[in-house]
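> Input: one structure, supplied below.
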Amino acid sequence: MKKSFPVVPVLTALFAASFFVVPLIATFYFSLKMTRGELGFAAYASVFNSAEFLTTITYSTIASLVAILIGAVIIVPTAYWVRLKVPRLRPVVEFISLLPLVVPPVVLVFGYIRLFGSNSWLPLTTTTAGTDMLLVLGYVVLSMPYMFRAVDNGLAVIDIATLTEAAESLGASRLRTIATVIFPNVRAAIISGAFLTFSISLGEFVLASLLNRPAFGPYLVQLGQDRAYEPAALAIMSFGFTWGCMVLMQVFATRKPGQRWFPRLTSRPAQRTTA
Amino acid sequence: MSFLSITNAVKTFGTNTVVKGFDLAVEKGEFVSFLGPSGCGKTTVLRMIAGFERPTSGKITIDGRDVTDLAPNKRRIGMVFQAYALFPNMNVAGNIAFGLKIAGLGKAETEARVQEMLGLIGLSHLAERYPYEMSGGQQQRVALARALAPKPQVLLLDEPLSALDAKIRVSLREEIRDIQRRLGITTVFVTHDQEEAMSISDRIVVMNGGRADQIGTPSEIYNRPSTRFVAGFVGTLNVLRARLERQPQTVTVAGTSVQLAQPVRTADADGNLSLALRPEALSLRPSEGRDVAFDGLVKSVNFMGSVIRIRMDVGGEAISFDMFNSPDLVPPAVGARATAHAASRDMFELTA
Ligand SMILES: Nc1ncnc2c1ncn2[C@@H]1O[C@H](COP(=O)(O)OP(=O)(O)O)[C@@H](O)[C@H]1O
Ligand SMILES: [Mg+2]
């Protein structure tokens, strides 16, 4: 018996997808029309030839990477410790980690400026390095909900209590356990969190603009006001970049330890065998 | 001086006292099992030896050294868990090398020791495998090798076979015992399976409600259980009501007069007491030494392959026993009358 073609579901799906696909195609089409009368990648070339584009994206990339690093170093041990020692407090910690989603970045940055302004006890905003540091810390805070969730989920799937005890009985200190057992086993989770952090902080506008840092977000907004075709090209590129991040996240999340990036040419007998 | 000694250990969680004055002395190279039902505190005592739990009071020494307050990573303990607990990010060789690296062994030495351990567990060909690529039995053998690699003073195993199939469970327990003998390592093995404990232990600690009810060799525990709990938990046991007929040791059981081997100690004011009788002490065939005969009604006959289990009612007391199957044997019919023979020296009084 042949199944009838699912007309209604397919039409519904196409209709829903069109909301997303049509503007994308339109934007892409528009981005190709910079040179009058022909289609081409002139807008993309123009973006890449702009010195400001390169400096801001470099700046934002570095700031994001540092934020990821700091975030992981703070959040992995914290989430681990909470799960191991005070599991009762996990909901509380989780709630705290979600606060950045509730408190708008504007509030956060004004708080920073008041707290670390020129006539405060720790005037961080008076130096470039200090302001950079505030920006990075802000990114750490903004990414906390995602980073904490990812890492906490990663910890949930391994039996951290028993693994910790196994490591301890073999002589490992707590620090060594975290570094050699816990970190490697939540690496996939950290990387997922990292990609999320990266896609948030790379184009972040409010913090960067109010702290007046030469970041990619403010550049993007400025470009949108000044130019026509380049913003469309950038939108398409950042779309591609975000999807790339998601694909990489999947790759990292599903990769097993010891698995190769590419299959070997000669196959290894790695089937499960019974004792 | 024994190698591992636990003196009056008490452990309280909140208001719940889980271990209540536990004493044990284990000799060097001895294989001791903790046997008891779930929740009786076996794991808790083991974790106190390992250092994962701190005794509320009491003292633990290993090789003469007080380790009661010593951190687990300073105790030189090898631990094997029910759930294997191999490090998922490391392959077999990496798992086994873990403790060696921490101990600061050189590369060549580590490599040699890993090979030696792999040989010991017979998995040299799987050195590159990751835990998720192996069966439970293989993982548990790797866990054993990992625990033994840094030459611990004491090996602790917490129900290491419970997660495995019946067949592997039996072969692996023999392998564990064999390796333990070869290395002469002092071992504490936790299990709730009495057959497992019987078959591999030098001595068994039968635990009940946070206490050691009885400590003895498997045959002592089985043949001379000192409490009703031990008697009931280890093997199946017929418990018969008896009445003191004449001091010091003549009793009536199911209408039959029996001369006990030992004087009666626990008869109440009316002369009532409890006697225990192992199923294998009973037989349908009379033989020399079987001086007691119980006449009764066959209630059920269960064919179980090499043995046949028979339940009888003798003067209101239920007894059950097994007989070996053989091709020419005709089992009694249900409802028929039969006589079960026992030796009075196999009947013992349950004192607690
Ligand atoms: N960390 C703990 N906190 C509170 N109660 C515990 C803890 N560990 C064990 N217990 C309790 O102690 C009792 C004995 O546990 P356990 O030693 O694991 O028994 P066994 O290993 O013999 O099954 C159980 O009732 C258990 O609920
Ligand atoms: Mg247990």
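The values are calculated or read from the model by the stated rules, or taken from the named source; none is laboratory data. A quick note: this is a predicted structure, and the numbers were derived from the prediction, not measured. All Cβ positions, glycine included, derive from the backbone under ideal geometry; neighbour counts span all protein chains shown. The area values use the complete protein model at the heavy-atom level, side chains included, leaving out ligands, DNA and RNA. Shrake-Rupley method; radii C 1.70, N 1.55, O 1.52, S 1.80 Å.
> When chain B is modelled as a GNM with alpha-carbon springs shorter than 10 Å, which of B:Ile96, B:Ile77, B:Ile168 fluctuates the most?
Its mean-square fluctuation being the largest, the pick is B:Ile168.
> Now, a different point. Distance in nm between label sites at B:Arg241 and B:Ser287, each 7 Å beyond Cα in the beta-carbon direction?
Here the answer is 3.2 nm between the modelled labels.
> So what is the accessible area of chain B per residue, in Å², with the probe set to 1.4 Å?
With all protein chains present, chain B gives 44 Å² per residue.
> Here's another thing I want to ask about it. So who's got an amide H within less than 5 Å of the one on B:Asn208, skipping anything under 5 residues away but keeping other chains? H placed 1.01 Å off N, in plane.
Amide H to amide H, under 5 Å and 5 or more residues apart or across chains, B:Asn208 pairs with B:Asp213.
> Quick one: Debye curve from the C-alpha atoms of chain B, no solvent, what's log10 I(q)/I(0) at q = 0.06, 0.07, 0.12, 0.13 Å⁻¹?
Per q value, in the given order, log10 I(q)/I(0) is -0.30, -0.40, -0.93, -1.02.
> Per the helix-only calculation at 222 nm, which mean residue ellipticity applies to the protein assembly as shown, given -39500 (n - 2.57) for every DSSP H run of n ≥ 4 and division by its residues, nearest 500 deg cm²/dmol?
It comes out at -14500 deg cm²/dmol, rounded to the nearest 500.
> If you don't mind, there's one more thing I want to ask. Set the Förster distance to 35 Å, then compute FRET efficiency between A:Val221 and A:Leu89 from the Cβ-Cβ distance, nearest 0.05.
That gives a FRET efficiency of 0.30.
> Heavy atoms only, 1.4 Å probe, whole protein assembly: order A:Tyr44, A:Tyr80 by accessible area, highest first.
Largest accessible area first, the list is A:Tyr44, A:Tyr80.
> Would you please classify the overall shape of chain A from the alpha carbon gyration tensor, given that a ≥ b ≥ c denote the square roots of the eigenvalues, rounded means a/c under 1.5, and beyond that prolate means a/b larger than b/c while oblate covers the rest?
oblate
> Also, I was wondering about something else. Given a 1.4 Å probe and the protein chains all in place, what does the accessible area of A:Thr254 round to, in Å² to the nearest 10?
90
> What are the membrane-span-like helices in chain A by this rule: whole DSSP H runs, Cα extent along the axis at least 24 Å, mean Kyte-Doolittle hydropathy at least -1.0?
Passing helices, by number: A:7-31, A:51-85, A:128-156, A:229-254.
> Can you pull the Rg over Rh of the stretch A:147-204, Cα-only, Kirkwood?
With Rh from the inverse mean 1/r over Cα pairs, Rg/Rh is 1.12.
> Shape call for the stretch B:142-213 from the C-alpha gyration tensor, a ≥ b ≥ c root eigenvalues: rounded (a/c under 1.5), prolate (a/b greater than b/c) or oblate?
Cα axes put the stretch B:142-213 in the oblate bin.
> Then there is this: Ignoring everything but the protein chains, give the 1.4 Å probe accessible area of B:Met304 in square angstrom, nearest 10.
90
> So, one more: Quick one: Cα convex hull volume of the stretch B:236-349, Å³ per residue?
92
> Leaving ligands and nucleic acids out of the surface, order A:Ser201, B:Ser274 by accessible area at 1.4 Å, largest first.
My answer, sorted largest first, is B:Ser274, A:Ser201.
> Largest first, how would A:Met237, A:Met246 line up by accessible area (1.4 Å probe)?
Result, largest first: A:Met246, A:Met237.
> May I ask for the equivalent-ellipsoid semi-axes of the protein assembly as shown, computed as the square root of five times each C-alpha gyration tensor eigenvalue and listed largest first in whole Å?
70, 30, 24
> Among A:Ser199, A:Thr78, B:Leu260, whose Cα projects farthest towards the positive end of the dipole of the protein assembly as shown, with charges put on the beta-carbon of Lys, Arg (+1) and Asp, Glu (-1)?
A:Ser199
> Still on this structure, I have one more. Using a 1.4 Å probe on the protein heavy atoms only, what accessible surface does B:Arg211 show? Give it in Å² to the nearest 10.
Here the residue's solvent-accessible area equals roughly 120 Å².
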